[in-house]
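One structure below.
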Amino acid sequence: MWKIVKVIVFLILIIVVTTFAVQNQEAVDLTWYFDLTGIRIPLYLLLYGCIIGGMIVGMAVGGSQRLSLWRTNRNLAKKLRKLEAEQAAVSAGTRSLQASPSVDKTD
C-alpha cells in the first residue's frame, strides 16, 4: 500500500517539476559583485540550483550535528559501561560480606 502511495507522490512531484521547468524557460542574467556580468541561464535552472544548494548546506549542517551527537552518545555509553562494572564490583563485594559467617565475640 505504502509503495503505491510513494510512487503516486513521486509521479506528481515529477509532473510539477517538469511543468515548472517548461513554464520558466526564459533566460536570466546572473550579475555578480562589482557589476561583473556572469552567465545567462534559464530561470528554472537557477531556481533548481538554489534549491539543491540549500539542500546540500542543510545536509552538511545536519550531518555535523549528527556526528557531534554520535560522539556524545559513544562517550556516554563508555561511561555507562564503566559505572555498571563498578556497580557490579561493589554489589559482588557486599554479597561476599553478607555470605561470610559472622564472628561472635564473647569474652
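The values are calculated or read from the model by the stated rules, or taken from the named source; none is laboratory data. Predicted, not measured: the structure shown is a model, and the values here were computed from it. A quick note on method: Cβ atoms are made from the backbone with ideal geometry, for glycine too, and the neighbour counts reach across all protein chains shown. Side chains are part of the model used for accessible areas, which takes the heavy atoms of the whole protein and leaves out ligands, DNA and RNA. Shrake-Rupley method; radii C 1.70, N 1.55, O 1.52, S 1.80 Å.
Things to note:
- Residue within region 31-42 that is among the hydrophobic types (A, V, I, L, M, F, W, C), open to solvent by 100 Å² or more (accessible area, probe 1.4 Å) and assigned to a helix (DSSP H, G or I) present: yes
- Qualifying residue in region 30-44 (condition: of a type in the set (S, T, N, Q), touching a strand residue (DSSP E or B) at 6+ places or on another chain (Cβ under 9 Å) and at pLDDT below 90): yes
- Residue list for region 18-28, restricted to those being loosely packed, with under 11 Cβ neighbours inside 10 Å and not in a helix (DSSP H, G or I): 25, 26
- Pairs meeting the criteria (first residue in region 1-17 and under 19 Å from residue 47 (Cα atoms) and exposed (fewer than 10 other Cβ atoms within 10 Å of the Cβ), second residue of a type outside the set (D, E, K, R) and at pLDDT below 90, beta carbons under 9 Å, at least 6 apart or on different chains) are lacking.
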